[in-house]
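Report on the following structure.
The values are calculated or read from the model by the stated rules, or taken from the named source; none is laboratory data. Computed from a prediction, not measured in an experiment: that's the story for all the values here. With ideal geometry, Cβ positions are generated from the backbone for all residues, glycine too; neighbour counts draw on all protein chains shown. In case anyone asks, the SASA skips ligands and DNA or RNA and just uses the protein heavy atoms, side chains included. Shrake-Rupley method; radii C 1.70, N 1.55, O 1.52, S 1.80 Å.
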Amino acid sequence: MTAVIASWAAEVSSAAVTRRLIEDHKATQRRRLTGMCERAGVRAPDEAAAEITFLMEGAQVSAQNGSVDRVGERLLAAVEAVLERGGTVGGR
């Protein structure tokens, strides 16, 4: 029984480490996107970075499960639209 508990504890610990690595990666990616938007002169860089992050996450899932065709092409068009309006929702 102790071996089972130790094995389970190791899996939980490994999952926590993996989750932390993913969280760190996503936070770094978001900061990079915000910086890129700032350097590009986007009016609301943090908002644009958030929208682009949502778009990329959704595109990744759609590409993995095959639910949407032409993912790359559509993602690029959506990101361009975010940047063209300056990352502001509803012109705000």
Restricted to region 42-73, and to residues that are assigned to a helix (DSSP H, G or I) and over 20 Å from Gln29 (Cβ atoms), which residue is least open to solvent (accessible area, probe 1.4 Å)?
-> Asn65
For region 31-43, state whether one or more residues are basic (Lys, Arg) and within 16 Å of the chain's Cα centre (by Cα).
-> yes
If a residue has to be at pLDDT 80 or above and not in a helix (DSSP H, G or I) to count, how many in region 1-27 make the cut?
-> 0
